[in-house]
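Following: one structure in structure tokens, then a few remarks.
The values are calculated or read from the model by the stated rules, or taken from the named source; none is laboratory data. Since we're looking at a predicted model, the values are computed, not measured. We place every Cβ from the backbone using ideal geometry, glycine too, and count neighbours over all the protein chains shown.
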């Protein structure tokens, strides 16, 4: 592979990765019913609207879930896989296998988003407790639906909240399971964004 094709592949993968994260964040923010008027929410909506709005005319939401954003996330993941395979001169697998690979990648990326959101919340609780920053507020809205049930299982002890440790363990278990599922369906390492 020449330098030009490697640079081109890197740029395509970077762009698709960033847009895929934006699309999944849009989906997550709707699932957790985050503040729509938050400036970060507004940015994500405006950045993803060019692809979401036309698809929403064909595929409406269901049960409060933005199915169009989720489907677009899968399609972006598939586009990334196809682009990388074509750049490396590898033949394309069948459509079902591409869909399975993309699904594993999207789930893995959602898990990674929660991992980094939780890590950011922990660090911010030490550095800037009680901050009114829109990013902190959005992180809180994303992580709290996961943290509340865990806090019921493991309440604070002596003023210390150990529930994030349990969530990190759960995230690691899910990541291990996803890696083994990916290997089981023949997904080459580092081909999918999120795993």
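Restricting to region 83-98, name every residue that is touching a helix residue (DSSP H, G or I) at 6+ places or on another chain (Cβ under 7 Å) and without any contact (Cβ under 8 Å) to a residue 60 or more places away in the chain.
The answer is 92, 98.
Can you find a residue that is on the phi > 0 side of the Ramachandran plot and not in a helix (DSSP H, G or I) anywhere in region 35-55? Break it down into steps so the answer makes sense when it comes.
Here is the first cut: in region 35-55, the ones on the phi > 0 side of the Ramachandran plot are none.
Checked region 35-55: no residue is on the phi > 0 side of the Ramachandran plot and not in a helix (DSSP H, G or I).
Could you list, in sequence order, the residues of region 1-47 that are touching a residue at least 24 places away in the same chain (Cβ under 8 Å) and more than 23 Å from residue 145 (Cα to Cα)?
Hits for region 1-47 are 1, 5, 8, 9, 12, 13, 16, 17, 19, 47.
So how many residues does region 147-174 have that are surrounded by 15 or more Cβ atoms within 10 Å (Cβ to Cβ) and within 20 Å of the chain's Cα centre (by Cα)?
6
Take the conditions free of Cβ contacts under 8 Å to residues at least 40 places away in the same chain, in contact with a helix residue (DSSP H, G or I) (Cβ under 8 Å, 6 or more places away or on another chain) and either closer than 27 Å to residue 18 by Cβ or not in a loop (DSSP other than H, G, I, E, B) (or both) and apply them to residue 140. Does it pass?
Working: free of Cβ contacts under 8 Å to residues at least 40 places away in the same chain: yes; in contact with a helix residue (DSSP H, G or I) (Cβ under 8 Å, 6 or more places away or on another chain): yes; either closer than 27 Å to residue 18 by Cβ or not in a loop (DSSP other than H, G, I, E, B) (or both): yes.
So residue 140 passes the test.
State the number of residues belonging to region 62-73 that are in contact with a helix residue (DSSP H, G or I) (Cβ under 8 Å, 6 or more places away or on another chain) and either surrounded by fewer than 13 Cβ atoms within 10 Å (Cβ to Cβ) or in contact (Cβ under 8 Å) with a residue 24 or more places away in the chain (or both).
7
Being within 16 Å of residue 26 (Cα to Cα) and at pLDDT 85 or above narrows it down to one of 81, 67, so name that one.
Of the residues listed, the single one that is within 16 Å of residue 26 (Cα to Cα) and at pLDDT 85 or above is 67.
Would you check if there is a residue in region 126-136 being surrounded by fewer than 15 Cβ atoms within 10 Å (Cβ to Cβ) and in contact (Cβ under 8 Å) with a residue 40 or more places away in the chain? Reasoning before the result, please.
Here is the first cut: in region 126-136, the ones surrounded by fewer than 15 Cβ atoms within 10 Å (Cβ to Cβ) are 126-133, 135.
When the remaining residues are screened for being in contact (Cβ under 8 Å) with a residue 40 or more places away in the chain, the result is 135.
Yes.
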